[in-house]
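Heads up: the structure comes next, in structure tokens.
The values are calculated or read from the model by the stated rules, or taken from the named source; none is laboratory data. It should be emphasised that the depicted structure is a prediction, and the values quoted were computed from it without experimental measurement. Quick reminder, even Gly has a Cβ in these numbers, built from the backbone with ideal geometry, and neighbours come from all protein chains shown.
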Amino acid sequence: MAKAFASAVTFLALVCAQLSVGLAQQSGSPAAQVAPALKIGAGDLLDVSMFENPDLSGRFRVDEHGDIIVPLLGTLHVEGLTAEEAAVLIEKRFVDAQILQPAEAHATVFISEYATQGITVNGEVKSTGIYPALGVRKLNDVISAAGGVTPIASSKVVITHRSDPGNPVTVDYNPEALPPVVPDVQIFPGDTVMVPRAGIVYAIGDVNHTGAYVLDGRNTLTIEELMALAGGGGHAAAMKRVQLVRSTSDGRKEAITIPVNLILQGKAPDVSLKDGDIVYVPTSNTKYAAETALTSAVGIGSSLILYRASTNQ
């Protein structure tokens, strides 16, 4: 008897040791993303299934007061509960009403339609709005449903989860990159997806490719880099007195003379550009700092071809 007991103890010790190793391995592996426990809201459609009691099962729409009407139970207030909490409530009510025995009261609640917890998409997408959330969706699916991003969209997307509104998450998103940058991020009912506007700088005047160049939100862009993207100056470009037009903190415009010829020769420091900057390259016979012409150039964004300043590789 003592030998059998000792053998049993040894066996249990081995099992416990294996379980400990397994748990340690699991703790070291990355945790799978778990959907947050969403709350039931007015207008949601619930599928209630009572185990071995199909007559008590059914689909129930939550009314404007947050209630559903369950057969034999009457009105139940479920707004603000999770599906699991609603199932526990239904089980308890059936037992309290002596309709079912505790061993028979097994309820399952599934939120099949979220009426008031759609996914909000705003910012630089072609069709902003609230999109229905039937289950869990991926970020790319949601943005595609909104018509995709606009040409001036940033390469970063801000996601605010309904379960954690105080901690928005910023992810890289650039389907046009090589290879495409499309994160495998889940978007849940009630979440908000915001696509910010990217920074834009303008190259005008005597350059080979005038246009609006879109910053991708990651890399800074300098005047030397912008000149390269614009194909350089024309044959009559006055590179000694290129004008950088920049908005000040009080909304005014100021023009700064930049000796681009010295920058290209490595004899002067390069200048980083900011969102909204205009780089004007005059010709040799243009009057110095034609302020009125520069000011009118501020509204050129809609008429110039948009370029993306850089692509992700």
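General remarks:
- Condition check for Arg137: modelled with pLDDT under 90 and basic (Lys, Arg): yes
- Scanning segment 212-228 for residues that are at pLDDT 90 or above and buried (at least 20 other Cβ atoms within 10 Å of the Cβ) yields Ile223, Leu226, Met227.
- Qualifying residue in segment 255-269 (condition: closer than 22 Å to Ser155 by Cα and at pLDDT 65 or above): no
- Of the strands (runs of 3 or more DSSP E) that lie entirely inside segment 156-214, those containing 3 or more residues that are among the β-branched types (Val, Ile, Thr) span 156-160, 169-172, 192-195, 200-205.
- From the options Ile99, Ile130, residue that is under 17 Å from the mean Cα position of the chain (by Cα) and either more than 13 Å from Lys39 (Cα to Cα) or assigned by TED's automatic domain parsing to the domain that holds Ile152 (or both): Ile130
- Here Gly166 meets the list (1) at pLDDT 90 or above; (2) under 30 Å from Glu79 (Cα atoms); (3) under 14 Å from the mean Cα position of the chain (by Cα) almost entirely, failing just condition (3).
- Test: residue in segment 35-51 that is loosely packed, with under 15 Cβ neighbours inside 10 Å, modelled with pLDDT of 90 or more and among the charged types (D, E, K, R): no
- Among the candidates Lys274, Lys267, Lys253, residue that is out of contact with any strand residue (DSSP E or B) (no Cβ under 7 Å at 6 or more places or on another chain) and farther than 30 Å from Gly43 by Cβ: Lys267
- Taking the listed residues Ile111, Ile143, the one that is closer than 23 Å to Gln186 by Cβ, assigned to a strand (DSSP E or B) and of a type in the set (A, V, I, L, M, F, W, C) is Ile111, with no other qualifying.
- Residues in segment 170-200 that are in contact with a His (Cβ under 9 Å, 6 or more places away or on another chain) and of a type outside the set (Val, Ile, Thr): Phe188, Gly190, Asp191.
- For segment 99-121, the condition of being modelled with pLDDT under 95, closer than 30 Å to Ala212 by Cβ and either of a type in the set (Ser, Thr, Tyr) or exposed (fewer than 15 other Cβ atoms within 10 Å of the Cβ) (or both) holds for at least one residue.
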